[in-house]
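To keep things clear, I will list the structure first and then write my remarks on it.
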2 protein chains.
Amino acid sequence: MSSSAGSPDSGGIPDIAGNGNGSGQPGTAANGRPLPEATIARLPVYLRALYSLSERGVSTVASDELSAAAGVNSAKLRKDLSHLGSYGIRGVGYDVDYLVYQVSRALGLTQRWPVVIVGGGNLGRALANYGGFVNRGFKIAAILDSDRGLIGRRIGDVAVRHVSDLEDVVAMNKVVIGVIAVPAPAAQGVCDRLVAAGVTSILNFAPLVLKVPDGVDVRKVDLSIELQILAFHARRRSAVRVERVPEDEQVPEEESV
Amino acid sequence: MSSSAGSPDSGGIPDIAGNGNGSGQPGTAANGRPLPEATIARLPVYLRALYSLSERGVSTVASDELSAAAGVNSAKLRKDLSHLGSYGIRGVGYDVDYLVYQVSRALGLTQRWPVVIVGGGNLGRALANYGGFVNRGFKIAAILDSDRGLIGRRIGDVAVRHVSDLEDVVAMNKVVIGVIAVPAPAAQGVCDRLVAAGVTSILNFAPLVLKVPDGVDVRKVDLSIELQILAFHARRRSAVRVERVPEDEQVPEEESV
DNA sequence: CGCCGTTTGTGAACGGATGCACAAAGTCCA
DNA sequence: TGGACTTTGTGCATCCGTTCACAAACGGCG
């Protein structure tokens, strides 16, 4: 524990309405310092595990179980959660529903963020159909595409609109999060328009490095990069394994295409 | 890769035929130590930037330019590349094509890895159509789905097969990399079958934590996690600035960035 | 009421990654 | 040929994240 976390007590579950850590600033830990980036990246994983537990009727969970479900070290889990405040009960564990609430609040998911998806191809459609998970904290303000043949087609429960509506959609719905699911050559242009329209957070699926002004947050998801990292480890593994593997089992060596 | 794997020897570029760093072990740096994980994760980004330069006819690039194109610090780029060997020329920069070759080799992309994609829905289709990028080092051995209505349908230039062929496909093509693009409830089962069949590297798009035995490498791509991280930063930003106003007249000057 | 087993929260040590700053090494031109 | 200029490769200090290990805190039980 630390300085000024006005931690209520009174036996039961404390502090539902307030912000729990005494700091009015969102995105700050109980000690007033910003949340570590690595912690932020893990909170959604915990949250999903917690939802799963909650749906199964589990009301209390210890850090051992929760960390196992999330695939992380238990000490790491405890330290991550301790950054949000002191919400565990020693000797018992964490109240699942209360922790769902606290983690959601820490992530800013007490509101539903409108998201605009640019690109109505297979990827855009896959994203829109993510349904159950996207809906926890997000709603699709619009799906945009430049192909007029797609306009009006419904994906999930949203109709595709033309990309020329981008600025209108962002302004009308106060969208600050955009997803780019267009081919690489079109991505930077879409990005520039999103930023100009007021979007400050971008999830980029196009395989290129977007240039954005300071203050705009970009995260990228790139299939080919992930595959290449896997290939690296796979090759290292296969090279180590060669000694104890029959010769015809080896992964093909050099090959000119 | 279009040109020959045996790399060009022109103008005193050293050490072509060997593995460049004197170590026979793939995945090790020039000093014999394993490559840092952070470096591995960036190599694909450099590689893409290098391909782009090469296609534009650029033959030589300095770390400043390349690092800008890759969106990283130039010292970081140089240190990353130095782990592969000393392939730069002081006062000049790096030979683009030669660096493409070296980075490809470091990543294990001198061979084309067969990949099996499980799930022929929108996501699986999107992955299969990644085309140009997936083909740099990878080929799709098969796309599998449990929906018999999809069987035989062509995606890219691969026909969808039934998921019951999984073990056959993996065995026949010596597949070690699998992509899971099925709904969450089916993912663990698919994962278990892939592992049992011999797959040791898995790229998971389903929103859950896969349980795998030691020695199996799993990377996950999760839209909702990325969105939640973006939401966190978006909320922090919006809290620092004033609440968004419908009118676009606001220029808050709280802090300079 | 006090003891016991359990679990949290965290201090501290460690290891990896980052970025600065500079010497070494090469090119280019007069 | 030599000197000025450019750019690499890296030592070093720093920061961030991970993990161990344990004292403090809690509920339950006799």
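The values are calculated or read from the model by the stated rules, or taken from the named source; none is laboratory data. Everything numeric here is computed off the predicted structure, so don't read it as measured data. Reconstructed Cβ throughout: ideal geometry from the backbone, glycine too, with neighbour counts over all protein chains shown. Note: areas computed on protein heavy atoms with side chains; ligands, DNA, RNA excluded. Shrake-Rupley method; radii C 1.70, N 1.55, O 1.52, S 1.80 Å.
Listing for the model above:
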quantity: Label geometry 7 Å along the beta-carbon vector: B:N31 inter-copy distances in nm; calculated: 3.1
quantity: Overall Cα dimensions of the range A:116-243, principal axis frame, Å, largest first; calculated: 63, 34, 30
quantity: Point-to-point label distance, B:D157-A:A184, nm (Cα→Cβ direction, 7 Å offset); calculated: 1.9 nm
quantity: In Å², nearest 10: area of B:I140 left accessible to a 1.4 Å probe; calculated: 40 Å²
quantity: For the range A:58-178, the spread of Cα positions along each principal axis, largest first, Å; calculated: 61, 26, 22
quantity: Distance between modelled label sites at B:S238 and B:V216, nm, 7 Å Cα→Cβ extension; calculated: 4.0 nm
quantity: Euclidean distance of C-alpha centroids, the range A:196-233 and the range B:163-222, integer Å; calculated: 25 Å
quantity: Positive minus negative residues near B:V218 (Lys, Arg vs Asp, Glu; Cβ under 13 Å); calculated: -2
quantity: Greater than 28 Å apart at Cα, pairs in B:K174/B:K220; A:K174/B:K76; A:K211/B:K76; A:K76/A:K220; calculated: A:K174/B:K76
quantity: Across the identical copies, how the A:R148 labels are spaced - nm, sorted shortest first, 7 Å along Cα→Cβ; calculated: 4.3
quantity: Nearest-10 value in Å² for the accessible area of B:C191, using the 1.4 Å probe; calculated: 0 Å²
quantity: Local net charge near B:G149, Cβ-Cβ under 15 Å (Lys/Arg +1, Asp/Glu -1); calculated: +3
